[in-house]
Amino acid sequence: QELVLLIEHQIPAAGIATLSQVIPSFRSLFPDVFRRVVPNDDGDEEIEEDEGIMLLQHSIDHSEEDSIPADTIKHRLHYFFERLIHAISSPERPVLLFLDDLQWADNASLDLISSFVMKSHFNVMEDENMHPHCFVVAGTYRSNEVDDDHLLLAHIRDFMSADAVRLTHINVSGVDGEGTKAMISYALQLPIRLTRELSEIVHAKTLGNPLFIKEFLNSLQAEGLMYYSQKEKRLLWDIESISTRPVDDDVAAIMTRKVLRMPPDVLYALSVAACFGRRVDENILKVLCSSDQFGGVIEILQRVETDGIIQTQGTYFVFAHDLVHQAVYDLIDVDEVGELHY
């Protein structure tokens, strides 16, 4: 609530409306800034306004927005986003902005990030009444999907050449051999002396990728190469078969194999969810479930949570990883994709 009041104090209603285009949650945080559309007695829509409050859905109507140059709209968004960062950050309350999977970011999003990172320092120098922005931007991307011509690298090079920006590049690789041994020992609840040989094989096949290690072990159990022994009271494994087992090229391939083992109804429910992206609001699915075609989707998704494919976060169903989502989506037939999206 304190942050909401700070934002309202430092950003005008038009700015909040502009920011809501990239931060949809602003619509619920600042309901008085937006018009409330309610049905009248004739069933049509009319606008209801609170006395003394200017209610906006957009800072301008659509017809006017069409006539405004694109650069003006972009600069307005950049300006208000910088004002937002200034409002919520301070030496006493620094802000960490974490941005995942930047290899998929479009140029407009990267321009927005660059704008407030590069300009904030100079704006503070020009206005002595502004406190320094106290924020850190942490971004992640897959280096194997970013080549020299990628948009992201162009922005990173700009950061590197800017005196006002302190850039730290961290290369996150897989865990080493000892880390894999510790991880597998913990997962199987067995001492390292019993899991050492298995760990060495798994590390060689997964290159220490933690997600790959987890899914590789799950696939061994699903294929009967790892099983629980009632006699030994612990997990056992067929080390010879595991050592000769072909390894998939990437995590997506092993995820695809895992999804293919799902029953048809589960695979269909996952496909429906995948059409909305990596996460989907349960309230949207409830609307779909009112039709016979999608009935039971929510119950099926709740049932497969324990399989590690999808999980719940508040009112959302979220795929465990973007590679899991991609694996499910890629399995949808071309004709069915059009039908589901429609």
- Note on the structure: Conditions (1) open to solvent by 70 Å² or more (accessible area, probe 1.4 Å); (2) assigned to a helix (DSSP H, G or I) -> Ser243 fails only (1)
- Task: Among what's in the stretch 190-215 and is among the small types (Gly, Ala, Ser) and part of a helix (DSSP H, G or I), pick the residue that is farthest from Thr180 (Cα to Cα).
- Result: Ala204
- Message: Pairs please, first residue from the stretch 138-165 and polar (S, T, N, Q), second anywhere and at pLDDT below 90, Cβ atoms under 8 Å, 6+ apart in sequence or on different chains.
- Response: Thr140/Asp100; Thr140/Asp101; Thr140/Val172; Ser143/Asn171
- Failed item in (1) open to solvent by 40 Å² or more (accessible area, probe 1.4 Å); (2) closer than 18 Å to Val318 by Cβ; (3) at pLDDT below 85; (4) hydrophobic (A, V, I, L, M, F, W, C), with Leu260 passing the rest: (2)
- Query: Out of all the residues in the stretch 289-301, is one or more open to solvent by less than 90 Å² (accessible area, probe 1.4 Å) and hydroxyl-bearing (Ser, Thr, Tyr)?
  - Reply: yes
- Message: Can you tell me which residue is modelled with the lowest pLDDT among those in the stretch 24-34 that are surrounded by 13 or more Cβ atoms within 10 Å (Cβ to Cβ) and part of a loop (DSSP other than H, G, I, E, B)?
- Response: Phe34
- Message: What pairs come out if I take residues in the stretch 74-94 that are closer than 11 Å to Leu19 by Cβ and among the aromatic types (Phe, Trp, Tyr) and pair them with residues that are open to solvent by 40 Å² or more (accessible area, probe 1.4 Å) and not in a helix (DSSP H, G or I) whose C-beta lies under 8 Å away, six or more apart or interchain?
- Response: Phe81/Val22
- Do you know which residues across the stretch 193-210 are among the hydrophobic types (A, V, I, L, M, F, W, C) and open to solvent by 40 Å² or more (accessible area, probe 1.4 Å)? Leu194, Ala204, Leu207
- Item | When residues of the stretch 123-162 are limited to those that are modelled with pLDDT of 80 or more and of a type in the set (D, E, K, R), the one nearest to the chain's Cα centre (by Cα) | Arg142
- Query: Using beta carbons and a limit of 8 Å, which pairs, at least six apart or on different chains, have the first residue in the stretch 216-236 and part of a helix (DSSP H, G or I) and open to solvent by 50 Å² or more (accessible area, probe 1.4 Å) and the second one modelled with pLDDT of 90 or more and of a type outside the set (Gly, Ala, Ser)?
  - Reply: Gln221/Tyr227
- Message: Which count do you get for residues in the stretch 167-208 that are more than 23 Å from Ser143 (Cβ to Cβ), more than 29 Å from the chain's Cα centre (by Cα) and among the hydrophobic types (A, V, I, L, M, F, W, C)?
- Response: 6
- Some residue of the stretch 170-177 being part of a helix (DSSP H, G or I) and either under 17 Å from Asp100 (Cβ atoms) or open to solvent by 90 Å² or more (accessible area, probe 1.4 Å) (or both): no
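The values are calculated or read from the model by the stated rules, or taken from the named source; none is laboratory data. Note that the structure is predicted; figures quoted are calculated from it, not measured. Positions of Cβ are generated from backbone atoms using ideal geometry, with glycine treated the same way; all protein chains shown enter the neighbour counts. For the accessible areas, the whole protein counts, side chains as well, though only heavy atoms, and no ligand, DNA or RNA atoms are used. Shrake-Rupley method; radii C 1.70, N 1.55, O 1.52, S 1.80 Å.
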